[in-house]
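The values are calculated or read from the model by the stated rules, or taken from the named source; none is laboratory data. These figures come from a predicted structure and were not determined experimentally. Cβ atoms come from the backbone with ideal geometry, glycine included; neighbour counts cover every protein chain shown.
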């Protein structure tokens with residue numbers, strides 16, 4: 001058995017910088033990784049999906065240019081598209097390996113499990129350390145649908161292993177993964193249908209966000225089946241047949257399963273080091289990432305933190321600060337996130353419903369995209385900007401932006417909220433005309449009347 005200063009389990013966006021920083025400080029660091037270095041973000045999440053969507057949205061915009069009087073014949077070379085995606089992914093992956101090597105981290109390519117208190121075994125190596133950090137992330141949840149097991153269905157894990165463009169795609173699920181990848185394939189030429197269990201897509205967002213995205217998908221030719229459950233999957237002669245509970249039968253050459261996530265903790269044998277998991281398998285932590293075992297911490301979505309790369313990276317900064325004796329906590333920064341459909345969704349902070357449920361005297365203002373000069377000029381009619389403010393303090397509580405490159409603009413609100421600013425600061429700002437950003441002070445001015 002080896003003795004180390006730090007053991008990191010998982011090489012996600014929190015684990016890698018932690019390992020590299022500790023090693024550069026002269027500590028002996030061992031990092032276990034059962035899969036590709038870089039975690040889900042680099043290998044089958046953010047990096048490949050956004051490289052994929054770069055091609056998909058370029059194709060979609062070219063087709064929609066007819067509304068501006070520009071008629072384009074779009075030809076998609078899918079093998080080239082997907083090869084570029086994989087090359088970007090591989091470059092990022094190699095960068096992670098180089099960073100760990102240069103820092104002096106000992107990387108063990110094996111699945112890790114606890115075999116004693118703060119003792120971890122992976123492959124033929126057992127390591128004990130006073131500090132262990134779990135950063136194992138999450139993976140796709142597969143629903144128990146009769147006939148699904150054993151078929152070559154897609155998840156975000158193997159989606160980017162596609163070699164040819166499927167003529168038809170069926171997607172089960174209505175969250176951001178299903179919408180991004182489903183719209184992406186539709187824009188590249190696949191006939192796409194979505195099976196949605198509930199009454200709307202993106203049901204964790206505000207209803208008009210869902211309505212806007214549903215209309216955008218329909219414009220791309222995507223068929224959406226609402227309030228539908230898949231009762232059976234049949235795979236024969238390279239074709240999927242889905243039998244729905246409404247009597248419909250749908251067929252496709254590709255099936256995407258995007259019905260949620262589950263924590264990657266089943267192999268940890270967490271009980272061996274007295275680390276408790278919750279009923280769904282997430283690692284239980286306190287506000288400072290401490291598990292129920294002294295010296296063992298957990299970060300990122302395996303610990304039920306919001307499942308975003310930027311959160312995992314901030315968790316790394318938080319844990320480092322906590323270990324230095326600083327008073328940081330798991331939710332001490334304003335949370336923002338985005339959905340990379342077209343139009344995009346940029347979200348930060350509370351919705352009006354969130355604020356009212358917390359008993360806050362709040363109000364919101366909304367500016368439709370159709371009232372924004374730049375949107376009219378560019379032919380973007382779908383979307384809106386919304387801001388939520390505290391009526392008593394005038395502080396900005398949240399924002400929902402749906403529109404072209406909304407993921408970029410939402411940072412204006414994130415910074416205002418982090419600074420504790422009030423909406424008047426935005427109202428007083430003179431933004432450049434004609435831009436989408438110019439509409440943000442206009443949104444604030446709606447509070448004046």
By residue number, the members of the stretch 25-41 that are in a loop (DSSP other than H, G, I, E, B) and in contact with a strand residue (DSSP E or B) (Cβ under 6 Å, 6 or more places away or on another chain) are 27
For residue 148, state whether it is within 30 Å of residue 316 (Cβ to Cβ) and either under 17 Å from the mean Cα position of the chain (by Cα) or at pLDDT 95 or above (or both).
no
Run residue 164 past the list (1) touching a helix residue (DSSP H, G or I) at 6+ places or on another chain (Cβ under 7 Å); (2) surrounded by fewer than 22 Cβ atoms within 10 Å (Cβ to Cβ); (3) not in a loop (DSSP other than H, G, I, E, B) and report the number of the one that doesn't hold.
(3)
The listed residue being more than 22 Å from the chain's Cα centre (by Cα), surrounded by fewer than 17 Cβ atoms within 10 Å (Cβ to Cβ), over 27 Å from residue 286 (Cβ atoms) and in the same structural domain as residue 432 (by TED's automatic domain parsing), out of 357, 361:
361
Could you figure out which of (1) in contact (Cβ under 8 Å) with a residue 60 or more places away in the chain; (2) under 30 Å from residue 275 (Cβ atoms); (3) surrounded by fewer than 23 Cβ atoms within 10 Å (Cβ to Cβ) isn't true of residue 124?
(1)
Whether any residue in the stretch 388-396 is assigned to a loop (DSSP other than H, G, I, E, B) and in contact with a strand residue (DSSP E or B) (Cβ under 6 Å, 6 or more places away or on another chain) is what I want to check.
yes
Unique residue being crowded, with 22+ Cβ neighbours inside 10 Å and more than 24 Å from the chain's Cα centre (by Cα) when the list is 242, 170, 250:
242
Among what's in the stretch 72-89 and is part of a helix (DSSP H, G or I), in contact (Cβ under 8 Å) with a residue 60 or more places away in the chain and surrounded by fewer than 17 Cβ atoms within 10 Å (Cβ to Cβ), pick the residue that is farthest from the chain's Cα centre (by Cα).
79
When the stretch 123-150 is examined, which residues are found to be under 27 Å from residue 308 (Cα atoms) and not in a loop (DSSP other than H, G, I, E, B)?
131, 132, 133, 134, 138, 139, 140
If a residue must be farther than 14 Å from residue 154 by Cβ and either assigned to a loop (DSSP other than H, G, I, E, B) or free of Cβ contacts under 8 Å to residues at least 12 places away in the same chain (or both), how many such residues does the stretch 239-255 contain?
6
Residues that are more than 23 Å from the chain's Cα centre (by Cα) and either within 30 Å of residue 82 (Cα to Cα) or without any contact (Cβ under 8 Å) to a residue 12 or more places away in the chain (or both), drawn from the stretch 1-56
25, 26, 32
Can you name the number of the only condition in (1) part of a loop (DSSP other than H, G, I, E, B); (2) in the same structural domain as residue 34 (by TED's automatic domain parsing) that residue 113 fails?
(1)
Working carefully through the options 22, 52, 92, find the one that is within 23 Å of residue 119 (Cβ to Cβ) and in a helix (DSSP H, G or I).
22
